[in-house]
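See below for the structure under consideration.
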Amino acid sequence: METEAIATLIRAGMPDAAVQVTGDGSHFEAVVVSAAFAGLTPLKKQRLVMDTVREQLASGELHALSIKALTPAERAG
């Protein structure tokens, strides 16, 4: 998968999010900033993002995705 394709999937599932994806073609890292993460545990934040790419992970199209999920306040701090 391409980094922009992953970012597009995340944005589609989380329209208010600012998304940046980097990677080498098999391992990717996503930095996702969204107000939707406010008050959530780190695990729940990760699940919100993973839900946007679950189909690609299940099919093997996407192999590994590391997620950094932040609220706007966490990003600013």
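The values are calculated or read from the model by the stated rules, or taken from the named source; none is laboratory data. Treat the numbers as computed from the prediction; the structure is a model and nothing was measured. Cβ atoms come from the backbone with ideal geometry, glycine included; neighbour counts cover every protein chain shown. For the accessible areas, the whole protein counts, side chains as well, though only heavy atoms, and no ligand, DNA or RNA atoms are used. Shrake-Rupley method; radii C 1.70, N 1.55, O 1.52, S 1.80 Å.
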Tilt relative to the chain, helix 3-13 - C-alpha long axis, 0 to 90 degrees, to 10 | 50
Which sequence of SER34, SER26, SER59, SER66 reflects their accessible areas, 1.4 Å probe, from the largest down?
-> SER59, SER66, SER26, SER34
The answer for GluC sites (Glu not before Pro) in the range 24-63 that fall in a DSSP coil and have at most 13 neighbouring Cβ atoms within 10 Å is GLU61
Pop out the carbon and sulfur fraction of the accessible area of the chain as a percent, whole number, probe 1.4 Å.
-> 53
The chain: angle of helix 42-52 to the longest principal axis, Cα-based, in degrees nearest 10 | 40
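Starting from the Kirkwood radius over alpha-carbon pairs of the chain, derive D by Stokes-Einstein at 25 °C in a medium of 0.890 mPa s and give it in µm² s⁻¹. Please list the in-between numbers first.
Values: Rh = 12.3 Å.
The estimated diffusion coefficient comes to 199 µm²/s.
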Rounded to the nearest 500, the 222 nm mean residue ellipticity computed for the chain from DSSP H runs (n ≥ 4, each -39500 (n - 2.57)) alone is -11500 deg cm²/dmol
When only C-alpha pairs under 8 Å and at least 6 residues apart count, what is the relative contact order of the chain, in percent?
-> 35
Subtracting the Cα-Cα distance of ALA73 and LEU57 from 0.36 nm times their residue separation yields 2.8 nm
